[in-house]
């Protein structure tokens, strides 16, 4: 009797393991399937309700966490403020000059204006992946709201990621800290181009890879999306969206590894409201 | 554990609510920059009360539901959670749980095992980016949180599944035999 039980237990275990491997083999890299679409459709309203109901409790826990961080953050912000003041003055001058130059050469399609070709749809984060290995969030807008796979997603601070899967009432956002994320970018004002990749496990650190080692970038410079377009191919992101700030760019790293460290502008850890840039022209 | 349709429904409801709570609450809060992961602890608690088979099936189902909601490749979470559910169940079948710290310690150890399992599968599937050493801090803190959350989860799950549990022999203080008249 006992042996029979043990045999049955082992058989069920083997079946479950084989089932897991079979599911993994069938669904890996295939995007969403019928089962996932069905489950998302049923549970996304429940997740929305749960998200709103639990927000006060989340805020309370976050308050404790932020209190611990506040001391270090304060001194960092003070030094940032000095830098930003200087940049703001320089920026105002640049804007004046830019307006004059535009009139001169009659440019009507500047990089930032390209964003206006998109129709932003605002969504709220209703769920988040529990592991850093898969950096994604679920938002409460989906294909029913005009959201499509690969649409760029931004927050008030900058680029957050792109849509990985869109269901009628919800979408999955692959964050720029996901290991599969790669965004073509350029450093302002030098215009050095590269690819922004994450470092898995550290949401406050990105790597600007494949930069031109002959042109040096410096700490404090801003990194924006490059938004290239060539021979029927185009970046998923429009040009000029803020990505982050160069934090460390040693000459050794730039020349030997063609890399620089950047800090994302968007607070990836505490996302609440995001905008999906729907529409837009894509090849 | 005596499994009746009502109890199976309760276990399914516990798993479902656990996954929704994880995605809507625990994954979105951070203490020392790390979010707690209650799902391994939940599966461990179910396995400690129901045995290895219940643990494995619960782990598989919770993982499948999680992967469905996150629109990820199915099977990764199932494989990891069914393994730790089975291990916790085997522990329950082979050893008596006398100390109240045992469920919490098991939750901690098996959460760390689950994190290592996720990492291993992710490495096998391929990672397109460098990996930060901070991931180690993330894994360790998650297992510490599991230690503190494991005991309340165990008590709650045991309370919800009490009708199905085989009565545990109550530990009575044995009186010392006394000589009459002494």
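The values are calculated or read from the model by the stated rules, or taken from the named source; none is laboratory data. All of these numbers come straight from a predicted model, not from anything done at the bench. Methodologically, a virtual Cβ is constructed for each residue, glycine included, from the backbone with ideal geometry; neighbour enumeration extends over all protein chains shown.
The single condition among (1) touching a helix residue (DSSP H, G or I) at 6+ places or on another chain (Cβ under 9 Å); (2) assigned to a helix (DSSP H, G or I) that residue B:2 does not meet is (2). Looking across region A:40-78 at every residue that is exposed (fewer than 10 other Cβ atoms within 10 Å of the Cβ) and over 23 Å from residue A:272 (Cβ atoms), the one that is modelled with the highest pLDDT is identified as A:78. Selection of region A:228-258 for residues being crowded, with 21+ Cβ neighbours inside 10 Å and assigned to a loop (DSSP other than H, G, I, E, B) yields A:237, A:238, A:241, A:249.
So, in region A:112-150, of the ones that are surrounded by 23 or more Cβ atoms within 10 Å (Cβ to Cβ) and under 12 Å from the mean Cα position of the chain (by Cα), which residue ends up farthest from residue A:177 (Cα to Cα)? Looking at residues that are surrounded by 23 or more Cβ atoms within 10 Å (Cβ to Cβ) and under 12 Å from the mean Cα position of the chain (by Cα), I get A:137.
When region A:181-215 is filtered for residues that are away from chain B (no Cβ under 14 Å), touching a strand residue (DSSP E or B) at 6+ places or on another chain (Cβ under 8 Å), surrounded by fewer than 17 Cβ atoms within 10 Å (Cβ to Cβ) and assigned to a loop (DSSP other than H, G, I, E, B), the ones remaining, listed by number, are A:212, A:215.
The residue of region B:66-85 that is nearest to residue A:34 (Cα to Cα), among those that are in contact (Cβ under 8 Å) with a residue 12 or more places away in the chain and more than 7 Å from every other protein chain (Cβ to nearest Cβ), is B:66. Residues in region B:17-32 that are out of contact with any helix residue (DSSP H, G or I) (no Cβ under 7 Å at 6 or more places or on another chain) and more than 13 Å from residue B:146 (Cβ to Cβ) were compared, and the one that is farthest from the other protein chains (Cβ to nearest Cβ) is B:17. Consider region A:20-37 and keep the residues that are over 27 Å from the mean Cα position of the chain (by Cα) and at the interface with chain B (Cβ under 7 Å from one of its Cβ atoms). The one that is surrounded by the most Cβ atoms within 10 Å (Cβ to Cβ) is A:20.
The listed residues are A:81, A:104, and the only one of them that is out of contact with any helix residue (DSSP H, G or I) (no Cβ under 9 Å at 6 or more places or on another chain) and modelled with pLDDT of 80 or more turns out to be A:81.
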